[in-house]
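S.K.: Structure provided below as structure tokens; questions to follow.
Derivation of every value follows stated rules applied to the coordinates shown; laboratory data play no part. If you're wondering where the values come from, they're calculated on a predicted model, not measured in any experiment. Positions of Cβ are backbone-derived with ideal geometry, glycine not excepted, and every protein chain shown enters the neighbour counts.
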Amino acid sequence: MIRKIFDHRMARQLQQMIKDVHEWRDHLTIWLRSNIKKQMHVHWETNEGFKRRCLIKRANRDSVRSSKNTNGSATFIKTKARLFKLLDHDMKMAETFKYTHTLKENNERFADQQAADRYVSKHHVI
């Protein structure tokens, strides 16, 4: 368990370091040799595959149709298991979907219209 926590934190820290380099925050990246930073920037600016993936990811984040999951990075199955422990009964998939797509301050209101429509159409709620 300790190893898993360590790996998770180090992965997050590495992501932040790479983001700092990408955003030219030189004062935060003095530990990295300048020629390596330059090579990274050349890769980011010239590699067509990298640029294409960035554009796709940006479009997905900005899309109106993107999912509005309110549960953070926890997987659907992990959330279902956590709810089982909390409520002491097995949650149906529909209940878990509703839990992960409704606002926490008002658990009757979906985070977006797409989630509400999907819930109604898939679960025949009237």
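S.K.: Compute the length gained on full extension between Phe50 and His89: take 0.36 nm times their separation in residues and subtract their Cα-Cα distance, giving the result in nm to one decimal.
M.R.: Net length gain for the segment: 9.5 nm.
S.K.: Kindly point out which whole DSSP H helices in the chain project their C-alpha atoms 24 angstrom or further along the helix axis while averaging a Kyte-Doolittle hydropathy of -0.5 or above.
M.R.: none
S.K.: State to the nearest 20 debye the size of the charge dipole of region 2-62 about its Cα centre, where the only charges are +1 on K and R beta carbons and -1 on D and E beta carbons.
M.R.: 260 debye
S.K.: If I take R0 = 30 Å and measure r between the Cβ atoms of Ile36 and Phe76 in this structure, what FRET efficiency does the formula 1/(1 + (r/R0)^6) give, to the nearest 0.05?
M.R.: 0.20
S.K.: What ranking do His101, His27, His43 get, fewest neighbouring Cβ atoms within 10 angstrom at the top?
M.R.: His27, His43, His101
S.K.: Considering only DSSP states other than H, G, I, E and B, which chymotrypsin sites (Phe, Trp or Tyr not before Pro) in region 1-53 qualify as loop sites with at most 13 other Cβ atoms within 10 Å? Write down the numbers at each step before the final one.
M.R.: Details: sites: Phe6, Trp24, Trp31, Trp44, Phe50; in loops: Trp24, Trp31.
Sparse-neighbourhood loop chymotrypsin sites (Phe, Trp or Tyr not before Pro): Trp24, Trp31.
S.K.: Another one. Hey, if you put +1 on the Cβ of every Lys and Arg and -1 on every Asp and Glu Cβ in the chain, which of Thr75, Ile36, Thr102 ends up farthest toward the positive end of that dipole?
M.R.: Farthest along the dipole direction, towards plus: Ile36.
S.K.: What's the magnitude of the charge dipole for the chain around its Cα centre, counting Lys and Arg as +1 and Asp and Glu as -1 at the beta-carbon? Answer in Debye, nearest 20.
M.R.: 340 debye
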